Amino acid sequence: MVSEAMSRIDETHDPKRRSWVASANGHPDFPIQNLPLGVVSPPGGAPRAGVAIGDRILDLPALLAAGLLSGEAARAAAAADGATLNALLGLGAGPRRALRTQLSALLAEGSAERGRVEPCLHAAADCALHLPARIGDYTDFYVGIHHATNVGRVFRPDNPLLPNYKHVPIGYHGRASSIVPSGTPIRRPNGQRPRPEGPSFGPCERLDYELELGLWIGPGNDLGAPIPIGEAASHIAGYCLLNDWSARDIQAWEYQPLGPFLAKSFASTISPWIITPEALAPFRAAQPPRPEGDPQPLPYLLDAADQAEGGLDLALEVLLATPGMREKGLPPHRLARSSARHMYWTAAQMVAHHSSNGCNLRPGDLLGSGTLSAPDPEGCGSLLETTRGWQQPVRLASGEERRALEDGDEILLLARAERQGCTSIGFGECRGCVLPAHGS
Ligand code: CA
């Protein structure tokens, strides 16, 4: 039987397809098989929709104005009018796929339209990258089971996972206003830090990162009308990387009983390109079977097709560059290598669960996966885990040590989809450098 995802593999995924944009061929992130969507400002120009191709960005409004798109693809590009992609995301898979098909043909080697497409390209290095959508709501889940176990072990060594974990996809409502695109500096938050003599207000002393995947919501649902699990995947318009910066000392003091608040809401960084489900079709994976003895998901979260191909085979990486390393010309230090396969719940299960009470999801809403740690010590998606609760510092080639992030430290998240017989694609960068706290 040909699975649904495999049936969606078409000529746009053909590893033999090359682009006349020479830098796209062999590009680690943006070969012609990717074609991610974003919002960019070319030099002196207003923000507009763009598509990454090699080290160039295709200007979607310019392409549309040149009459190079037709039918559903033209409808998709027209919806991307202005500085956000919300309306395009809301159109769902049909127009998005039509756009991909026409873009791929226009950019492929041998395209008769090369001469007309070429003037619609900008050098990516000259463009500013923005958030791709106006994020109405942001929810952060906790589906990385090894992270949940590692964190739980610090508090409950014998019973690290709480009893609800394997029944319900845990999440909390995050803050949308402080989500920033890659490259935006992150100001260390001030807050209440616990002290034996009582809390004191000042700069966070345990600043951390979290390696996460972000999910962009597509069409979404009306208030009161849940999305069935079998339809949930069609409401995911794409993926990005997400760094859920975390102030652990502030978090430890404030989180009871209502969960994270100011320890998280000061900033979250995302990679600015929306990697579409179409681009990721060759990299779908079966959801790993639950270990013996784990409960089956309740029926509203269980769908055979989702279990068969609702996972994603994505290699994830965290890199750290400190001022000391930069001074000595040292390359970034790899803090962790993990994978999106360590999700206990699928993206579709997150969507179905989120809407199961009737809560409406809207185009451009963002869901975070939660920290995706691997089960091994080299796969920890946060410093809290890497340092075993701040006990074991990370030693760097510069001679520096880190338990928590210091001012001037830069965290870079990367994601890469690879499979034999397919052209690899990447997500681009999710980068942020820590600035000193306000007033210090
Ligand atoms: Ca998180």
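We did not get these values from a lab; they are worked out from the coordinates using the rules stated. Computed from a predicted structure; not experimentally measured. All Cβ positions, even for glycine, are placed from backbone atoms using ideal geometry, and neighbour counts span all protein chains on display.
Quick notes on this structure:
- Beta-bridge orientation, the chain: approximately 90 percent antiparallel, per DSSP, counting only bridges with both partners inside.
- Förster radius 30 Å - calculated FRET efficiency between L162 and L223, Cβ distance, rounded to 0.05: 0.50
- Placing a pseudo-label 7 Å from each Cα along the Cα-to-Cβ vector at A304 and R195 gives an inter-label distance of 6.3 nm.
- Each label was represented as a point 7 Å from its Cα along the Cα-to-Cβ direction; for S177 and N357 these points are 2.3 nm apart.
- Within a Gaussian network of the chain (alpha carbon springs, distance under 10 Å), most fluctuating of G370, G144, G115: G115
- Pairs of C-alpha atoms in segment 303-440 farther apart than 19 Å represent 63 percent of all such pairs.
- DSSP-assigned coil residues among trypsin sites (Lys or Arg not before Pro) in segment 1-83, each with at most 15 further Cβ atoms within 10 Å: K16
- Potential lengthening of the chain between C422 and R326 amounts to 31.0 nm, from the contour at 0.36 nm per residue minus the alpha-carbon distance.
- For V394, the residues whose modelled amide H falls within less than 5 Å of its own, excluding neighbours fewer than 5 places apart on the same chain, are R402, R403.
- Qualifying trypsin sites (Lys or Arg not before Pro) for segment 134-175 [loop in DSSP, other Cβ within 10 Å: at most 16]: R134
- Working from the Cα coordinates of segment 50-89, the gyration tensor eigenvalues give, after taking √(5λ), semi-axes of 16, 13, 8 Å in decreasing order.
- Residues whose amide H lies under 5 Å from that of V180, counting only those 5 or more places away or on a different chain, are S268, T269, I270; hydrogens are built 1.01 Å from N in the peptide plane.
- Global dimensions of segment 69-153 from alpha-carbon coordinates: Rg and Dmax equal 18.7, 60 Å.
- FRET efficiency for the pair D294 and R116, taken as 1/(1 + (r/R0)^6) with r the Cβ-Cβ distance and R0 = 45 Å, rounds to 0.20.
- Of the two radii for the chain, the radius of gyration is 0.97 times the Kirkwood radius, both from the alpha carbons; that is the Rg over Rh value.
- Difference of contour (0.36 nm per residue) and Cα-Cα distance, E406 to D376: 8.3 nm
- A simple spin-label model places the labels of R187 and R395 3.8 nm from each other, with each point 7 Å out along Cα-to-Cβ.
- Semi-axis lengths (Å, descending) of the ellipsoid that matches the C-alpha gyration tensor of segment 297-365: 38, 16, 8
- The region of the chain that goes longest without hitting one of the GluC sites (Glu not before Pro) in a DSSP loop, each with at most 12 other Cβ atoms within 10 Å, is 1-196.
- Enclosed volume per residue, in Å³, of the convex hull spanned by Cα atoms of segment 364-440: 189
- Rounded tilt (10° steps) of 93-107 against the dominant C-alpha axis of the chain: 60
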